[in-house]
Amino acid sequence: MKVGDLVVRKSYGGDITFRVEHVMNEMTVLKGTDYRLMADSPLNDLLTVSDTTLRRRTRQAQIKMLQSVESIQQHRKRQTERRKNDFQSSETTSKSSYFEMPGKILHLDGDASYLRKSMAVYQQLRVPAEGHYVPESKMADTVAQLLPRVKPDIIVITGHDGVLKGLKHRDLYSLQSYKNSQHFVNAVRTARQYEKHYDLLNVVAGACQSHFEALLQVGANFASSPGRIMIHALDPVYVAAKAAYTSVKDTVQMADITPHMITGMEGLGGVETRGSYRVGMPKWKDLSSLQVTPSMV
């Protein structure tokens, strides 16, 4: 067994595929390929994943994620058509007289590889997003630094988490029972100190098995994990993108989101929240290549 090998754990029935991150004596550190999970395991509990099994699992995850992306694209298409009809009904407007402004996302991730995957999905969906790899322990400080500069509509705070093993008295309602939930709670609390209004800053927080209730109590709009389960790496991305393309006139409903998430209601829950998508008039020119000289005032 060596670093980079793809494996499953025999003691867990081979339910999740991992990549070996470190090997030290007879122990290994593992990272989920599709789920936000870090784990350790003895070498004798690991089985190498066959190419056939890997292709099947990868294909299943890709199909579900493509379905999630497609649902957002269809939602966006319906919303665009509705806007066209609204503007065309006015004698003073035409098809091209308005522009769209989806919500802007700030994504903080405790895993660099998952961050790259997340940013690729945002780009595919044409959602304006800025991403940063940040260790979970530093997220609260980073949130305080970045929010005033980026001024996002939506912030995603995610990475790795999990219920600690070997606790004598494991209490799922105590933050002390989790690897990183306290760090996520601190980051959400910092975000809410910056913006208290739930509809002006949509906070999506948590990772695998995170303390769902604690995250909601300190101000998250959406959080993982109600069922203390492993969440897919891209489930928080789907929720954020959905909010970015939901009109400010409408609310993001969990009942509309969960059928399209890979881990469903057990993986992520939240509260009714207004979307961040806006339209404006008149349509402006594309100024993406314009270079603006900073003011010296």
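The values are calculated or read from the model by the stated rules, or taken from the named source; none is laboratory data. Computed from a prediction, not measured in an experiment: that's the story for all the values here. Note: ideal-geometry Cβ built from the backbone for every residue, glycine included; neighbour counts use all protein chains shown. Only protein heavy atoms, including side chains, enter the accessible area calculation; ligands, DNA and RNA are left aside. Shrake-Rupley method; radii C 1.70, N 1.55, O 1.52, S 1.80 Å.
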Modelled with pLDDT of 85 or more and surrounded by 15 or more Cβ atoms within 10 Å (Cβ to Cβ), is that true of residue 103? yes
Report yes if residue 109 is out of contact with any His (no Cβ under 6 Å at 6 or more places or on another chain), open to solvent by 30 Å² or more (accessible area, probe 1.4 Å) and farther than 28 Å from residue 77 by Cα, otherwise no. no
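Every residue, every condition in (1) touching a Gly at 6+ places or on another chain (Cβ under 6 Å); (2) open to solvent by 30 Å² or more (accessible area, probe 1.4 Å), yes or no:
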{"site": "201", "(1), (2)": "no, no"}
{"site": "208", "(1), (2)": "yes, no"}
{"site": "225", "(1), (2)": "yes, no"}
{"site": "232", "(1), (2)": "no, no"}
{"site": "236", "(1), (2)": "no, no"}
{"site": "243", "(1), (2)": "yes, no"}
{"site": "249", "(1), (2)": "no, yes"}
{"site": "253", "(1), (2)": "no, yes"}
{"site": "264", "(1), (2)": "no, no"}
If we keep only residues of segment 1-48 that are in contact (Cβ under 8 Å) with a residue 60 or more places away in the chain and part of a strand (DSSP E or B), then the residue surrounded by the most Cβ atoms within 10 Å (Cβ to Cβ) is 35
Report yes if some residue within segment 125-148 is buried (at least 23 other Cβ atoms within 10 Å of the Cβ), on the phi > 0 side of the Ramachandran plot and not hydrophobic (A, V, I, L, M, F, W, C); otherwise report no. no
State all residues of segment 239-257 that are under 19 Å from residue 121 (Cα atoms) and in a helix (DSSP H, G or I); if no residue qualifies, say none. 239, 240, 241, 242, 243, 244, 257
Please work out which one of (1) out of contact with any Lys or Arg (no Cβ under 7 Å at 6 or more places or on another chain); (2) in contact (Cβ under 8 Å) with a residue 24 or more places away in the chain is the condition residue 171 fails and give its number. (2)
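Conditions tested, residue by residue: (1) in a loop (DSSP other than H, G, I, E, B); (2) more than 15 Å from the chain's Cα centre (by Cα).
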{"site": "193", "(1), (2)": "no, yes"}
{"site": "210", "(1), (2)": "yes, no"}
{"site": "214", "(1), (2)": "no, yes"}
{"site": "237", "(1), (2)": "no, no"}
